[in-house]
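Colleague: I am attaching a structure below and will ask some questions about it afterwards.
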Amino acid sequence: LDMMWRTQILAHARGNQLDALISEIAQRMAEDEVLWLAEVRFDDRADDIKALKALGVLVSHGVGSIGFSHQTLFEHALARSFARGDGALSRFVLERESSLFLRPKLWAALNYLRAVEAPAYRKQIETIWNQPTLRVHLRQLVIEFLGQQVAPFDHEELIMTQALGTDRDRPIALNAIVGSAGWFDRLGRQFVEPAMVRDSDIGIA
């Protein structure tokens, strides 16, 4: 997706304008938890909207609405906007903890940040994880996200170790790291092997 961004959007004669507009649209949709916006909002940038439609980024819906042509484009655009602002992701997440629509946005943003800027990713995921009142569905998402990593970072191991150290999170964490050679190398002897003989942990996938 980033390659597409560079070759089709940023390489356009008005690439920076288009990129900024995409980011603005994604942020508005995320804040309002909608997938379509009234096109009239952007009448002052009608040419840019037209260009984004021609590039296949935006599409029309019904009479006078626009949206992203695919959910992954929306999530990627939003992730890029989070990457631009220091602390933007954690602020967004912690202000909307109760929203179930937050999960795919957070997952996509963590994926993107981890790939493009590891220090920013570390700061954001630790800020979210260390929130004392973090909702259960977001704690679970962080654990599941970390469990998907093939080559975990040291700071990710610290979070996973915390999860494995609590009765509440241990079954979720064990499920998340099942089948991962990277996690087994780091945590197998300390957590996985003992879990195999504990009745309380029976039932993991």
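The values are calculated or read from the model by the stated rules, or taken from the named source; none is laboratory data. As the structure is a computational prediction, the values presented were derived from the model and not from experiment. For neighbour counting, all protein chains shown are included, and Cβ atoms are generated from backbone atoms with ideal geometry for every residue, glycine included. Quick note on the areas: whole protein, heavy atoms, side chains included, nothing else; ligands and nucleic acids left out. Shrake-Rupley method; radii C 1.70, N 1.55, O 1.52, S 1.80 Å.
Colleague: Can you give me the long-range amide H partners of F153? Hydrogens built in the peptide plane at 1.01 Å from N, cutoff under 5 Å, separation of 5 or more residues or another chain.
Modeller: none
Colleague: Follow-up question, since we're still on this one. In segment 1-91, what GluC sites (Glu not before Pro) fall in a loop by DSSP, with at most 12 other Cβ atoms inside 10 Å?
Modeller: E33
Colleague: Mind listing which chymotrypsin sites (Phe, Trp or Tyr not before Pro) in segment 52-152 are in a DSSP loop and have 16 or fewer other Cβ atoms within 10 Å?
Modeller: Here the sparse-neighbourhood loop sites are F101.
Colleague: What distance in nm separates the simple spin-label points at V63 and V136, each placed 7 Å from Cα in the Cβ direction?
Modeller: 4.6
Colleague: Taking only DSSP H segments of four or more residues, each worth -39500 (n - 2.57), what value at 222 nm results for the chain once the sum is divided by all its residues, to the nearest 500 deg cm²/dmol?
Modeller: Calculated from helices alone, the mean residue ellipticity at 222 nm is -17000 deg cm²/dmol.
Colleague: What number comes out for accessible area per residue over the chain if the probe is 1.4 Å? Units Å², please.
Modeller: Per-residue value: 52 Å².
Colleague: Sticking with this one: When the accessible area of the chain is split by element with a 1.4 Å probe, what percent falls to carbon and sulfur?
Modeller: Of all accessible area on the chain, carbon and sulfur atoms account for 53 percent.
Colleague: Among residues other than L106 whose Cβ falls under 13 Å from its Cβ, what is the net charge (Lys/Arg +1, Asp/Glu -1)?
Modeller: Once all neighbours under 13 Å are counted, the net charge is +3.
Colleague: Mind jotting down a quarter of the surface of the convex hull over the alpha carbons of the chain, in square nanometres, one decimal?
Modeller: Dividing the Cα hull surface by four gives the mean projection, 12.9 nm².
Colleague: More than 19 Å apart: what percent of Cα pairs in segment 83-167 qualify?
Modeller: Beyond 19 Å sits 31 percent of the P(r) for segment 83-167.
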